[in-house]
1. Which of the peptides 291-303, 175-187, 228-240 is most tightly packed, and how do the rest follow, judged by the mean count of other Cβ atoms within 10 Å per residue?
2. If you plug each phi of segment 74-89 into the Karplus form 6.51 cos²θ - 1.76 cosθ + 1.60 with θ = phi - 60°, what whole-Hz ³J(HN,Hα) values come out, in order, with x for Gly and Pro?
3. Quick one: if you take sqrt(5λ) for each eigenvalue of the C-alpha gyration tensor of segment 11-133, what semi-axes come out, biggest first, whole angstrom?
4. What order do you get for 75-85, 353-363 when each peptide is scored by the mean count of other beta carbon atoms within 10 Å, highest first?
5. For VAL123, project a label point 7 Å along Cα to C-beta. Then give me every residue of segment 81-102 with its amide nitrogen under 17 Å of that point.
6. Explain nothing, just compute: Karplus ³J(HN,Hα) = 6.51 cos²θ - 1.76 cosθ + 1.60, θ = phi - 60°, for every residue of segment 27-39 in order, whole Hz, x for Gly and Pro.
7. With a sphere of radius 14 Å drawn around the Cβ of ASN36, what net charge do the other residues whose Cβ falls strictly inside it have (Lys, Arg +1; Asp, Glu -1)?
8. For GLU190, what charge total do you get from the other residues with a beta carbon under 14 Å from its beta carbon, if Lys and Arg give +1 and Asp and Glu give -1?
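Nothing in this text is a laboratory measurement; each read-out follows from the coordinates by a stated rule. If you're wondering where the values come from, they're calculated on a predicted model, not measured in any experiment. Every residue, glycine among them, receives a Cβ derived from its backbone with ideal geometry; neighbour counts consider all protein chains shown.
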Amino acid sequence: MGHIKKGELTQEEKELLEVIGKGTVQEAGTLLSSKNVHVNCLDENGMTPLMHAAYKGKLDMCKLLLRHGADVNCHQHEHGYTALMFAALSGNKDITWAMLEAGAETDVVNSVGRTAAQMAAFVGQHDCVAIINNFFPRERLDYYTKPQGLDKEPKLPPKLAGPLHKIITTTNLHPVKIVMLVNENPLLAEAVALGKCYKVMDLICEKCMKQRDMNEVLAMKMHYISCIFQKCITFLKEGENKLETLIKSLLKGRASDGFPVYQEKIIRESIRKFPYCEATLLQQLVRSIAPVEIGSDPTAFSVLSQAITGQVGFVDAEFCTTCGEKGASKRCSVCKMVIYCDQTCQKTHWFAHKKMCKSLKDVYEKQQSEAAKHKSQEEKPGKLDVNSNHVNEDQPEAEVGVSQENSTPDDAAEGEREPGDEAGAARAQDAPTGPQLSEE
Ligand SMILES: [Zn+2]
Ligand SMILES: [Zn+2]
């Protein structure tokens, strides 16, 4: 076949394009085995069969074409679109993923200079943006598990590649979540292992910045996770279970409004320490964060998270107060103002939240009564009525009971650890925690 010209399709190739839209995978398979069909043929706009399949959201067709040798990086489209761009525009997450796994390059731009991620963001396909920006093939990590050059040992012990890859590919960059992921894996939760991991991430960061097609998003992500790992190491060196102390430090709120100042400072510091000061992304982040007073919106986490995973569109989604995970649904039964993934996250946050719960409850009730004033109400103003209208139904009664039991000893332990925090202790006393959570 050799040279492929735009628009010079054989009869079978024309049929293939139709079958991709309306036919079955079997029909397409039969056509693809014909001598008169080239898998990378081009229609008059320079679209390949794979681009058609991606745009039409046909995952099975995409897989079939890739098996038949479709070129995922074909760049003959009249406006410079690639199959990955069509996949991202269609908003199909599986196809976007399939293109990336097949080796789609993420930094190719269309005729107006936009990458696939930028095009997807433009049309509001934020899930696809997140998938593209966070794609990091396992092979790129496995490279470091073999000794390179004069090294006697690999930079990354092979057993660490799996757990590290899991963290690298996360779309939730909340520092508490990252520390939780480290803490749940005994192989990782150890200073020597983390030291190797963060050095490998620094190397990947450097590679992302020095390669011809720079990837600032991935570089920033690697650098940021590396910084969190270095914090973990600092805490681990202090003794047993120190990652729990780090999580507490990240969640501890200041007295005036409960804002987690340490967390904000850690994230700001990591961004500032990004070693490539000429990077556009760094300058953007600094411009967005620098004028914001600590405690005001946007937080450094939201700015960073938006820049890296592109999750701007999730305004309606609920995020866990503790770990930032999307889709949290368990509300604090007292104040209704904070939301968690599960009991573990609620329990982890309780030492900080207990100081704010009562005042948040007042805020909530004020909001409710103001909302009630605005509508003519027939219903009784009873507290339960108000609650049942607004509490997420997913929260089981048992949930509250269990977390209450657990939070009481935690509470006591916290008191021992911080004898100096008299204000906190006093506040905890005039707002007895047990009874409050077990209400309802
Ligand atoms: Zn959570
Ligand atoms: Zn509460």
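1. Working: 291-303: 14.3, 175-187: 19.4, 228-240: 16.7.
Those peptides, ordered most packed to least, come out 175-187, 228-240, 291-303.
2. Result, rounded to whole Hz: 4, 9, 9, 4, 4, 9, x, 6, 10, 4, 4, 5, 5, 4, 5, 5.
3. After diagonalising the Cα gyration tensor, the semi-axes are 24, 15, 11 Å.
4. So the peptides 75-85, 353-363, ranked by packing, come out 75-85, 353-363.
5. Of the residues in segment 81-102, 81-100 have backbone N under 17 Å from the label point off VAL123.
6. 4, 5, x, 4, 4, 5, 7, 6, 5, 8, 10, 9, 5
7. On the way: positive: LYS14, LYS35; negative: GLU8, GLU12, GLU13, GLU15.
Around ASN36, the surrounding residues sum to -2.
8. Once positives and negatives cancel, what remains is +1.
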